[in-house]
Amino acid sequence: MLYRFDNIEKSYGPHDIVKGATWQHNPGEKVGLVGRNGAGKTTLFRLLLKQEDTDQGQILRASGLTIGHVGQHLDAEPGMSLFDYVETAFADVLAIERKMGAIEHDLADTAKSAAEHEKLLEKYAVLQHDYEHADGYTLHAEVERVLTGVGFAKSEWERPIAAFSGGQQNRAMLARVLLTDVDLLLLDEPTNHLDLAGIEFLEEFLQSFKGSYLLISHDRTFLNRTVEKIVELAHGKLIEYPGNYERFLELRTERMEKMAADYEQQQEFIDKTKDFIRRNLAGQKTKQAKSRRKMLAKIDEVERPETDETLANFKLEAGPRSGAIALTADRVTAGYGEKAVVSNLSMTIRRGERYAIIGPNGSGKSTMLKTFAGRLPPLAGNVTYGHNVQVGYYDQTLGDLNPAGNVIDEVWNLDHSQTEEQVRSYLAQFSFFDDDVFKKTRDLSGGEKGRLALAKIIYTGGNVMLLDEPTNHLDVYTREALEEALERFTGALIVVSHDRYFIDRVVEHVILVEDGTADVFGGNYSDYAERLKAGVAVPRPVPVLHHRNPVAETAPKSPQPKADRSEQKKRDKRLKKIDEEIADLESRIASAERERERNDLLLCSEEVFRDGDRSKKIQSQNADLKAMIDLLYSKWEALAKQREEVESAAV
């Protein structure tokens, strides 16, 4: 046993967080702790770390249990570099290294006698043995590996750690904890400040980790790959499920269904028994009735399954139907000031298409999305919206909230036709209960502000949704509700996200932003990652309609002569026909490319690789598809040129 919660209880005022919870964590177990926001997961960590005390019950800990966790505050010495800070995970080994260095200095002293040298060499041999046994010779390489893994470039290692941002310091603290030799790791949302490459490094690290850990995470792909057991904190109780997150969902559903069936069955029996007692207590069967009444008094009643009535069920309205083309980026350079993060990007996003923007931290994902949303003007090029487009934008910096307002008014001000009860019911889906709805926005935590901003954008809707890290502050249950809403959404969607489970479920294309460029890949994140691993991840060409300057389109127009208006109508009719033909070509190109990408994946499979005839057939299909795609692109380019010529004639 590492530790055991023994019938523990914990409350804050009238709110019960843990109610009679019992659970034991054994050595070697890799466990994920899940539950709704506010359920008390972090409270359990604080209790384990003796930062708080239980109200009742006790926590039994193994003798000498050592625990590693990422603290709230950086505990670095003034002026300490990033590398030196992370290296303090090996404090004992570094102490040996310093002693060895001191002896090496003394050995270089020629004034010492042979006997003194002999004693020094004996001490050095002992220290060297201890140093080698503690893997001291690989210590620096291990620090370098982990620093690189969590996303620090080599050029940053010697910078003072105090000069880094809060998120970067959090990554540094995570790196140090991972390298610390302890019995138990407590990891509270360890993926929060990592990009996708960092998350995947952490997964590999934990998969090969020899010790035990308890981790809190809302990243379901991460849970699937790192834990062998799930413990759910629900309604104050801890319930254990073997397996990863996917298995937990299956077992939890089975458990809830069985509990409901057992409860209904017993209630039916109790009702029938009470009816018998009522009808026969004063009749001929009074003895039987009294006997059954005694039996009911002793019955061990099945507990009614507790359901969460506040589980979210979002409905994301797409609003009026937009034109076939939702958004066009024409030779766009995005950035701030003179610093460009994405250069010369051209792409067309059609109605109903779904894209995820991925890339390393700082690569420009949010900047690119903000440029698409019209919140940031492009440094060069144009972003143009299609006909009847209504943009909904979720800003992860939460700049759309009014600090002086309160929670309920943020939503109520969007639609005064709603009653207070209706608005409160809607906010409950985002974990705002009771008096929470009257909190000032400025007093909310970062997570609460994120949920409120998401509540607003979902309520408002739009037929082009641009969402920047929408799942950041959501628990797994609310993420699933958001995914279901986005799956039903009929408009165009562009998201920035590190949540691979979310990306896999809601998008059909991936835009990789890296080193100043943006490349588009067909399929979701798993498709992209699989092709990347197989060495066949090739960005697809992106058709682009070059629209007129959006500023010029909105400029006041002088009255046109009748003949000019007639010509304009003809041009508009011709442009409409060209746009329809282009849309049809783009649909056929996308379909052919998806089929070709599926074939590429098949060619990577062992089954097809071993079947020579099938492999040749698929390769032949791919050759035909490539020829067809090239032909379609030629037609598309010809139509695009025609469109430009028609537009130029109008100027």
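Across segment 1-45, the number of residues qualifying as farther than 21 Å from residue 212 by Cβ and hydroxyl-bearing (Ser, Thr, Tyr) comes to 2. Just one of the listed residues (315, 287) is at pLDDT below 85 and not in a loop (DSSP other than H, G, I, E, B), namely 287. Listed by first and then second residue, the pairs linking a residue in segment 265-283 that is closer than 12 Å to residue 296 by Cα and touching a residue at least 40 places away in the same chain (Cβ under 8 Å) to a residue that is among the small types (Gly, Ala, Ser) and surrounded by 14 or more Cβ atoms within 10 Å (Cβ to Cβ), with Cβ atoms under 6 Å apart and 6 or more places separating them unless they lie on different chains, form an empty list. Exactly one residue among 402, 388, 382 is assigned to a strand (DSSP E or B) and open to solvent by 30 Å² or more (accessible area, probe 1.4 Å), and that residue is 382.
Within the set 87, 116, the sole residue that is in contact with a His (Cβ under 8 Å, 6 or more places away or on another chain) and in a helix (DSSP H, G or I) turns out to be 87. Scanning segment 611-621 for any residue that is open to solvent by 40 Å² or more (accessible area, probe 1.4 Å) and either under 30 Å from residue 568 (Cβ atoms) or under 36 Å from the mean Cα position of the chain (by Cα) (or both) turns up nothing. Within segment 450-509, the residues that satisfy the criterion of being outside any helix (DSSP H, G or I), over 13 Å from the mean Cα position of the chain (by Cα) and not β-branched (Val, Ile, Thr) are 461, 462, 463, 465, 466, 489, 491, 492, 493, 508, 509. Restricting attention to segment 180-226, the residues that are more than 17 Å from the chain's Cα centre (by Cα), open to solvent by less than 30 Å² (accessible area, probe 1.4 Å) and among the hydrophobic types (A, V, I, L, M, F, W, C) total 7. Annotation: residue 432 fulfils all but one of (1) hydrophobic (A, V, I, L, M, F, W, C); (2) under 18 Å from residue 483 (Cα atoms); (3) outside any helix (DSSP H, G or I); the unmet one is (2).
The set of residues in segment 62-84 being buried (at least 17 other Cβ atoms within 10 Å of the Cβ) and touching a Leu at 6+ places or on another chain (Cβ under 8 Å) consists of 67, 68, 69, 70, 82, 83.
Which count do you get for residues in segment 528-539 that are in contact with a helix residue (DSSP H, G or I) (Cβ under 7 Å, 6 or more places away or on another chain) and buried (at least 18 other Cβ atoms within 10 Å of the Cβ)?
2
Residue by residue, here is whether (1) part of a loop (DSSP other than H, G, I, E, B); (2) open to solvent by 60 Å² or more (accessible area, probe 1.4 Å); (3) among the hydroxyl-bearing types (Ser, Thr, Tyr) holds:
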site: 253; (1), (2), (3): no, yes, yes
site: 261; (1), (2), (3): no, no, no
site: 264; (1), (2), (3): no, yes, no
site: 293; (1), (2), (3): no, yes, no
site: 303; (1), (2), (3): yes, yes, no
site: 328; (1), (2), (3): no, no, yes
site: 332; (1), (2), (3): no, no, no
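Does residue 99 qualify as being farther than 30 Å from residue 224 by Cα, touching a helix residue (DSSP H, G or I) at 6+ places or on another chain (Cβ under 6 Å) and surrounded by 12 or more Cβ atoms within 10 Å (Cβ to Cβ)? Answer is yes for this residue.
Checking each residue in segment 425-444 for being farther than 19 Å from residue 475 by Cβ and open to solvent by less than 70 Å² (accessible area, probe 1.4 Å) picks out only 441.
Counting only residues that are crowded, with 16+ Cβ neighbours inside 10 Å and either under 40 Å from the mean Cα position of the chain (by Cα) or among the charged types (D, E, K, R) (or both), segment 131-142 holds 4 of them.
Determine which member of the set 128, 169 is under 17 Å from residue 100 (Cβ atoms), part of a helix (DSSP H, G or I) and polar (S, T, N, Q). 128 is the lone residue from the list that is under 17 Å from residue 100 (Cβ atoms), part of a helix (DSSP H, G or I) and polar (S, T, N, Q). When restricted to residues that are over 15 Å from residue 94 (Cβ atoms), in a helix (DSSP H, G or I) and out of contact with any Phe, Trp or Tyr (no Cβ under 7 Å at 6 or more places or on another chain), segment 134-159 contains 7.
Against the numbered list (1) assigned to a loop (DSSP other than H, G, I, E, B); (2) modelled with pLDDT of 95 or more; (3) among the aliphatic types (A, V, I, L, M), residue 202 comes up short only at (1). Selection of first residues in segment 633-646 that are open to solvent by 80 Å² or more (accessible area, probe 1.4 Å) and of second residues that are assigned to a helix (DSSP H, G or I), restricted to Cβ pairs under 9 Å at least 6 apart or on distinct chains, gives the following pairs, ordered by first then second residue: 635/581; 635/585.
Candidates in segment 465-508 are the residues that are open to solvent by 10 Å² or more (accessible area, probe 1.4 Å) and among the polar types (S, T, N, Q); of these, the one that is farthest from residue 375 (Cα to Cα) is 490. Among all positions in segment 355-366, there is at least one residue which is part of a loop (DSSP other than H, G, I, E, B), open to solvent by less than 30 Å² (accessible area, probe 1.4 Å) and among the hydroxyl-bearing types (Ser, Thr, Tyr).
The values are calculated or read from the model by the stated rules, or taken from the named source; none is laboratory data. Computed from a predicted model, the values in this text were never measured in an experiment. Heads up, the Cβs are rebuilt from the backbone with ideal geometry, glycines too, and the neighbour counts pull from every protein chain shown. Keep in mind that these areas ignore ligands, DNA and RNA; they rest on the heavy atoms of the full protein, side chains included. Shrake-Rupley method; radii C 1.70, N 1.55, O 1.52, S 1.80 Å.
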